[in-house]
Amino acid sequence: MRITTKTGDDGTTGLFYGGRVPKNSPLPMAYGAVDEAQAFVGLARAESDDEELTDLLGRIAKDLYVLMAELATLPENHGKLEGGVTRVTDEMVEALELMMDDLAGRFEAPTEFVIPGQAKVPALLDVARTVVRRAEREAITAVEHGPVVVYLNRLSDLLWTMARWQEGASVGSKGAEGTVA
């Protein structure tokens with residue numbers, strides 16, 4: 001199998017279930033930002049020695065494939081998408097909320113703005129969060145509203161929560177001390 005197809009040399013890309021659009025149109029811009037976010041989630045996962053965090057980030061990485069599939073599909077083909085496999089569901093959003101609620105109870109939340117960089121894994125989670133925020137903005141342009149946008153909004157909140165939780169873990173019982181501006 002060849003990796004190079006040359007079909008994108010004209011500046012277009014093929015979509016899931018057919019169709020081609022310019023690479024800088026809203027759908028590829030949105031799923032490209034999600035792809036970038038997934039790479040940073042993977043980097044944080046690779047750098048972590050916390051098994052619980054790596055498991056949670058692995059679940060998120062799989063969810064992001066679902067988002068990319070939906071964003072890589074023309075609206076007229078959305079009926080072909082399968083919930084939780086190629087289409088984002090309300091249950092996926094709820095799962096993020098449950099993760100966030102669980103983790104938020106494990107550290108004292110900062111009362112001021114956070115300065116990223118206390119430790120490598122939390123800093124990587126903060127980078128992933130900012131890329132997810134951009135993906136959310138791109139998704140709003142691509143799909144206007146719906147579960148994809150809601151998922152990305154919750155995910156950025158969860159990544160912030162994970163970073164603060166990991167900062168608390170990196171300083172022991174002191175919590176997130178030293179992370180605020």
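The values are calculated or read from the model by the stated rules, or taken from the named source; none is laboratory data. As the structure is a prediction and not an experimental result, all values here were calculated from the model. Here the Cβ is made from the backbone with ideal geometry for all residues, glycine too, and neighbour counts use every protein chain on show. Heavy atoms of the whole protein, side chains included, go into the accessibility calculation; ligands, DNA and RNA do not. Shrake-Rupley method; radii C 1.70, N 1.55, O 1.52, S 1.80 Å.
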Within the bounds of region 64-79, is there any residue that is among the charged types (D, E, K, R), open to solvent by less than 60 Å² (accessible area, probe 1.4 Å), more than 21 Å from Arg164 (Cβ to Cβ) and at pLDDT 95 or above? yes
Residue satisfying all of: in region 124-181; acidic (Asp, Glu) and modelled with pLDDT of 95 or more; surrounded by the fewest Cβ atoms within 10 Å (Cβ to Cβ) among these: Asp157
Pairs returned, first residue in region 1-26 that is over 13 Å from Pro75 (Cβ atoms), second residue that is open to solvent by 80 Å² or more (accessible area, probe 1.4 Å) and in a strand (DSSP E or B), beta-carbon separation under 8 angstrom, 6 or more apart or interchain, are Thr12/Arg20; Thr13/Arg20; Gly14/Arg20
Has region 44-61 got at least one residue that is of a type in the set (Ser, Thr, Tyr), within 30 Å of Lys23 (Cα to Cα) and at pLDDT 95 or above? no
Do you know which residues across region 82-108 are part of a loop (DSSP other than H, G, I, E, B) and exposed (fewer than 15 other Cβ atoms within 10 Å of the Cβ)? Glu82, Gly84, Val85, Gly105, Arg106, Glu108
Might you let me know whether region 41-60 holds any residue that is farther than 23 Å from Met162 by Cα and buried (at least 17 other Cβ atoms within 10 Å of the Cβ)? no
Residue list for region 114-134, filter: within 13 Å of Arg45 (Cβ to Cβ) and basic (Lys, Arg): Lys120
Looking at the structure I just gave you, is Arg87 within 19 Å of Ala30 (Cα to Cα) and in contact with a His (Cβ under 8 Å, 6 or more places away or on another chain)? yes
